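Data first, discussion second: the structure below is written as structure tokens.
The values are calculated or read from the model by the stated rules, or taken from the named source; none is laboratory data. Since this is a predicted model, take the numbers as computed values, not measurements. Cβ coordinates were reconstructed from backbone atoms using ideal geometry, including for glycine residues, and neighbour counts include every protein chain displayed.
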């Protein structure tokens, strides 16, 4: 595909956040937008690897607010975008096995209710057993549950935003890895973006490159503290041992969790092992052994269900130092905007982040109008003002 000579905005990254940004820019009248992605087709990056959880049970107000804004948009998604995002309110059940984890869940619940998530609740062991009777609650002291948390379909959301953006004139260019950015003589603005397909002049650039965002930012002279982090998924063979309506169930102390999708249980556990290559997504066989053993203990009904090691997959989170999104204009380059570092929350927050960044780009004062996102400003780390919150939530 031949490139236009210029665009109002170049978006780097055609995953769900980049597509959301492009859609929301077009909705606000900026339709001269070009989206570059290094993959050959949609869904080959982190969006396609996501398991599709949605939650508003967070331990910081800003993440709760992002989730509530995203939820409102998900509930209107099919009507406004024309695609069913698969939002299913199956709930998230958190289980605490130590007093410290129980205290953290209680503190999070108080904040969630203060922020308007009134349906979130603390639960006893007996209530947890009623919510999910198929897990072993030995050693569990209590938990937390929110019935409006649940699941979404990442690729459907990407598909919807991409199609809507294209209907409004946005162009997506695949197989177009960005290799350089040309800046003006002062280095204060990017005037053109270069990729293997050619160069395009632009008025503004949006970095939505996910786990690869740090290298993209460096091309504009921006020090972006975002690092890739591998996450792995081990599915079982098809089974009806667990109901499709089972809530996402998470052991809060160590992060082991599981859900049902497409007739299989998806088994997940944050791995302490660090791959040799930072962008490695191959699944660790030792990790699979550990997850399988933990599953037999914690979900006895799956003891007789084989895992499907050939179908296991890995993907990359984009981690910021405080595990919160980085959103807004870069201090080092006045026409580069950042939508990075969501730290595993990118798909579920994409509807909100795309809207908010479009408001920042088009607003007269460079601020989002729907939500105060000052806490997410890119300069907060240089200012020594990271967002403080519990590691658990």
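Is at least one residue of the range 190-208 part of a loop (DSSP other than H, G, I, E, B) and at pLDDT below 95? Spell out the reasoning first.
The first filter runs over the range 190-208 and keeps only residues part of a loop (DSSP other than H, G, I, E, B), leaving 196-197, 208.
From the residues that got through so far, the ones that are at pLDDT below 95 too are 196-197.
Checked the range 190-208: at least one residue is part of a loop (DSSP other than H, G, I, E, B) and at pLDDT below 95.
Quick check, is residue 326 within 25 Å of residue 231 (Cβ to Cβ), surrounded by fewer than 20 Cβ atoms within 10 Å (Cβ to Cβ) and in contact with a helix residue (DSSP H, G or I) (Cβ under 9 Å, 6 or more places away or on another chain)?
On the way: within 25 Å of residue 231 (Cβ to Cβ): yes; surrounded by fewer than 20 Cβ atoms within 10 Å (Cβ to Cβ): no; in contact with a helix residue (DSSP H, G or I) (Cβ under 9 Å, 6 or more places away or on another chain): yes.
For residue 326, the condition - within 25 Å of residue 231 (Cβ to Cβ), surrounded by fewer than 20 Cβ atoms within 10 Å (Cβ to Cβ) and in contact with a helix residue (DSSP H, G or I) (Cβ under 9 Å, 6 or more places away or on another chain) - is not met.
Taking into account only those residues within the range 129-161 that are within 30 Å of residue 41 (Cβ to Cβ) and in a helix (DSSP H, G or I), which is nearest to the chain's Cα centre (by Cα)? Write out each step before concluding.
Restricting attention to the range 129-161, the residues satisfying the condition of being within 30 Å of residue 41 (Cβ to Cβ) are 150-161.
Imposing the further condition that a residue be in a helix (DSSP H, G or I) reduces the set to 154-161.
Details: 154: 9, 155: 12, 156: 14, 157: 12, 158: 12, 159: 16, 160: 16, 161: 15 Å.
Checked the range 129-161; the qualifying residue nearest to the chain's Cα centre (by Cα) is 154.
Quick one: in the range 110-120, of everything that is in contact (Cβ under 8 Å) with a residue 40 or more places away in the chain and surrounded by 15 or more Cβ atoms within 10 Å (Cβ to Cβ), which residue is farthest from residue 159 (Cα to Cα)?
111
Could you look through the range 305-333, keep only residues that are within 15 Å of the chain's Cα centre (by Cα) and not in a loop (DSSP other than H, G, I, E, B), and pick out the one that is farthest from residue 279 (Cα to Cα)?
Top of the filtered list is 327.
On the given criteria, is residue 243 part of a loop (DSSP other than H, G, I, E, B), under 18 Å from residue 151 (Cα atoms) and not assigned by TED's automatic domain parsing to the domain that holds residue 14?
Details: part of a loop (DSSP other than H, G, I, E, B): yes; under 18 Å from residue 151 (Cα atoms): yes; not assigned by TED's automatic domain parsing to the domain that holds residue 14: yes.
It is true that residue 243 is part of a loop (DSSP other than H, G, I, E, B), under 18 Å from residue 151 (Cα atoms) and not assigned by TED's automatic domain parsing to the domain that holds residue 14.
Can you tell me which residue among 283, 301 is outside the structural domain of residue 15 (by TED's automatic domain parsing) and in a helix (DSSP H, G or I)?
Values: 283 fails: in a helix (DSSP H, G or I).
Going through 283, 301 in turn, just one is outside the structural domain of residue 15 (by TED's automatic domain parsing) and in a helix (DSSP H, G or I): 301.
So how many residues does the range 74-104 have that are in a loop (DSSP other than H, G, I, E, B), surrounded by fewer than 18 Cβ atoms within 10 Å (Cβ to Cβ) and either assigned by TED's automatic domain parsing to the domain that holds residue 121 or in contact with a strand residue (DSSP E or B) (Cβ under 8 Å, 6 or more places away or on another chain) (or both)? I'd like the intermediate steps shown before the answer.
Restricting attention to the range 74-104, the residues satisfying the condition of being in a loop (DSSP other than H, G, I, E, B) are 82-87, 89-91, 97-98.
Remaining after also requiring surrounded by fewer than 18 Cβ atoms within 10 Å (Cβ to Cβ): 82, 84, 89, 98.
Adding the requirement that they be either assigned by TED's automatic domain parsing to the domain that holds residue 121 or in contact with a strand residue (DSSP E or B) (Cβ under 8 Å, 6 or more places away or on another chain) (or both) leaves 89, 98.
Summing the residues that are in a loop (DSSP other than H, G, I, E, B), surrounded by fewer than 18 Cβ atoms within 10 Å (Cβ to Cβ) and either assigned by TED's automatic domain parsing to the domain that holds residue 121 or in contact with a strand residue (DSSP E or B) (Cβ under 8 Å, 6 or more places away or on another chain) (or both) in the range 74-104 gives 2.
Picking from 41, 6, which residue would you name as being at pLDDT 95 or above and over 20 Å from residue 203 (Cβ atoms)? It would help to see each step written out before you state the result.
Details: 6 fails: over 20 Å from residue 203 (Cβ atoms).
After ruling out the rest, the residue left standing is 41.
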